[in-house]
Every structure is written in structure tokens, then in C-alpha cells.
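Structure, as C-alpha cells:
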Amino acid sequence: MSWLNSGRTVQFKIEPVIPGVIAVSVHDGPSSQVTVSVPLFPATGWIEDQRARLDEVRRLFSG
């Protein structure tokens, strides 16, 4: 998932790396060209809980 991926602003990205680990990155492309990435090790079940919440939101907004 990327946010503010317009090429003119700082980009924020969240992506799975390996099972149970996600990477959060911030890239300052327009200015400094610096990228900072941090691996996160969420608690057991956290990723599945977030996916279930997203599914519920999608269900509610789809009608």
C-alpha cells in the first residue's frame, strides 16, 4: 500500500516482507531522495485482525 504516490510529495509505504513482518518506508523523492525503512513485528494475530477490519469496512461500503 502506498500513500501520496504522486511524485511530488513524500511517499509513505507499508508492505509485507515475510510472514509476520511488515516494512514501513518513507521516501522523500522530491527533495532529498532519502528513504527510511523500518521493519515491524506486530503481535500475533494483528495482521489478520487488520485484514478482517478492512473486509468489514469494504462490506459495509459496498452496500
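The values are calculated or read from the model by the stated rules, or taken from the named source; none is laboratory data. Keep in mind that this is a model prediction, so the values were computed, not measured. Note that each Cβ is placed from the backbone with ideal geometry, even for glycine, and that neighbours are counted across all protein chains shown. Side chains are part of the model used for accessible areas, which takes the heavy atoms of the whole protein and leaves out ligands, DNA and RNA. Shrake-Rupley method; radii C 1.70, N 1.55, O 1.52, S 1.80 Å.
Values for this structure:
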item	result
Tensor-based shape of the chain (alpha-carbon gyration tensor, a/c under 1.5 rounded, otherwise prolate or oblate)	oblate
Accessible surface, the chain, averaged per residue in Å² (probe 1.4 Å)	82 Å²
Accessible surface of the chain [probe 1.4 Å, protein heavy atoms]: carbon and sulfur percent	61 percent
For residue 15, solvent-accessible area (1.4 Å; no DNA, RNA or ligand), Å²	80 Å²
Estimated 222 nm signal from helices in the chain, with DSSP H stretches of n ≥ 4 weighted -39500 (n - 2.57), rounded to 500	-8500 deg cm²/dmol
Karplus (6.51, -1.76, 1.60) ³J(HN,Hα), θ = phi - 60°, over the stretch 13-23, in Hz, Gly and Pro reported as x	9, 10, 8, x, 9, 9, x, x, 10, 10, 10
Sites residue 62 and residue 12, calculated FRET efficiency, Cβ-Cβ separation with R0 25 Å, nearest 0.05	0.45
Summed residue charge, Cβ within 10 Å of residue 24's Cβ, Lys/Arg positive, Asp/Glu negative	0
